[in-house]
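Have a look at the structure below, then the notes.
The values are calculated or read from the model by the stated rules, or taken from the named source; none is laboratory data. Worth saying up front: this structure is predicted, and the values here are computed from it rather than measured. Using ideal geometry, Cβ is built from the backbone for each residue, glycine included, and neighbour counts are taken over all protein chains shown. To get the accessible areas, we keep the full protein, side chains included, count just its heavy atoms, and leave off ligands, DNA and RNA. Shrake-Rupley method; radii C 1.70, N 1.55, O 1.52, S 1.80 Å.
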Amino acid sequence: MRSDGRERKEITAFLSGNEAPEPDRNRKEADMALFRQQLQELPVSKDKNIWVRLWEQAEYVHPASWTVQFLIVLAGIWLAKGFGGKPAIMGISALVPIFTAVGGFEISKAVHYGMWELERSCKYDTRKIAGMKLFLFGMCDLAALTVFSLLIYGGGGSFMDICLWILVPFNIAAGSYLLFLERFPMRNGNLVLLCMGCGMATVQVSFGKWLETGLAVSGMTGAGMMLAASFLFLACAVLWFGRGKEREDEILWNLE
């Protein structure tokens with residue numbers, strides 16, 4: 001027992017007299033630089049081309065969304081070919097808010113399925129994912145709006161008709177959806193977006209004659225002012241929606 005106690009004391013005294021060697025600063029910095037370089041070369045660390053990222057986001061879009069948007073465009077073509085003139089213009093204009101709501105469905109998926117927390121831990125966080133989805137559906141919307149505009153122009157409509165019945169409704173609808181999704185991220189948001197789209201379509205058809213009569217006085221000046229105001233509204237809604245994604249840092253983890 002005494003021998004063991006003496007050996008323990010000697011070992012303790014020996015260890016207490018030892019000091020950790022001072023690391024070589026140059027060697028340490030070189031190792032850290034090598035580590036960072038090797039980390040950047042890992043596939044998970046490499047930044048992807050924007051078109052690759054958009055394609056990956058497109059793969060997560062439900063096929064039903066693409067199908068519905070395609071059917072709405074076909075409905076616009078059918079209206080232009082089957083009716084023509086003012087009825088076709090009003091019908092196509094009523095399709096614009098409903099067409100735009102489909103993109104809102106996909107953007108609201110993270111809210112609907114409670115995926116904010118998971119997306120915050122991914123390589124591309126919530127704000128970047130939302131931005132890519134906005135850009136993706138923005139390109140799709142631009143293609144559809146071009147088709148609708150050509151249909152109206154081919155049916156005898158003027159540039160003022162395109163601004164009044166296509167571009168202005170799209171800007172107002174898209175901006176309203178974004179503001180709603182940012183302010184009220186509820187689980188049944190898809191149904192509300194659809195109701196909002198149908199409501200805006202109803203208003204366009206119901207008050208179309210009154211609006212057209214009012215703009216007949218101001219002509220292109222009035223149409224241009226309305227278009228500029230709608231663009232400003234959409235731009236503010238996009239900025240507000242993007243800034244709102246930063247608030248997800250404050251979301252409490254679901255511990256249920």
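Any idea how far apart ARG243 and SER16 come out in nm if each label point goes 7 Å out from Cα toward Cβ? Going by the 7 Å Cα→Cβ label model, 6.2 nm. When you count the other C-beta atoms within 10 angstrom of each residue and take the mean per peptide, 157-167, 53-63, 221-231 line up highest first as 157-167, 221-231, 53-63.
Within the full protein context, the accessible area of ILE172 is estimated at about 70 Å² for a probe radius of 1.4 Å.
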